[in-house]
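Notes for the one structure printed next.
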Amino acid sequence: MSNVETFNPSSLGPAIMPYSNAAVANGFLFVAGQVSLDPEANVVAPNDPYEQTKHILGRIKVILAEKGATLNDIASTSVYITDLAHLPEYNRAWAEIFGDHRPARATVVCGLLIEGLVVEVTAIAALP
């Protein structure tokens, strides 16, 4: 028996590959890489880092809420963007959504798996 609980909020639609959107272990919530997809797995705001970041953080809010947490409970994030030129718009959306909360963050420039996606975010939150 595992001490890890995995889950997929139904409002986000099914995971598009064999993984869970989140896992809970030892008082922490681990959020899998979230991208800007609607519940039918269509890309939301293709090639728009600002809108995709807002959409992704909305998805993460849904995942956190399922376990009674908020964005303020996030301790660390990893962010993947497809082009360094996306950094200003991604940062603008990030700052608007997070406000004064500044979780630790790593940002990496890389390719993403679906055409039109330009941002992906993973997160680790401490459960309240």
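The values are calculated or read from the model by the stated rules, or taken from the named source; none is laboratory data. Quick caveat, the model's predicted, so the values are computed rather than measured. Note that we place each Cβ from the backbone using ideal geometry, even for glycine, and neighbour counts take in every protein chain shown.
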Selection status of Ala41, part of a loop (DSSP other than H, G, I, E, B), in contact with a Leu (Cβ under 6 Å, 6 or more places away or on another chain), hydrophobic (A, V, I, L, M, F, W, C) and touching a residue at least 24 places away in the same chain (Cβ under 8 Å): no
Enumeration of residues in the stretch 60-78 that are buried (at least 20 other Cβ atoms within 10 Å of the Cβ) and within 19 Å of Ala106 (Cβ to Cβ): Ile60, Ile74, Thr77
Any hit, the stretch 75-88, residues being more than 21 Å from Glu5 (Cβ to Cβ), in contact with a Pro (Cβ under 6 Å, 6 or more places away or on another chain) and either charged (D, E, K, R) or assigned to a helix (DSSP H, G or I) (or both): yes
Of residues in the stretch 6-35 being in contact with a strand residue (DSSP E or B) (Cβ under 6 Å, 6 or more places away or on another chain) and polar (S, T, N, Q), the one farthest from Leu113 (Cα to Cα): Thr6
Val35 buried (at least 18 other Cβ atoms within 10 Å of the Cβ) and either at pLDDT 95 or above or not small (Gly, Ala, Ser) (or both): yes
Subset of the stretch 61-84 that is under 19 Å from Leu113 (Cα atoms) and not polar (S, T, N, Q) - its residue that is nearest to the chain's Cα centre (by Cα): Val79
Residue list for the stretch 39-56, restricted to those being surrounded by fewer than 16 Cβ atoms within 10 Å (Cβ to Cβ) and at pLDDT 95 or above: Asn42, Pro46, Asn47
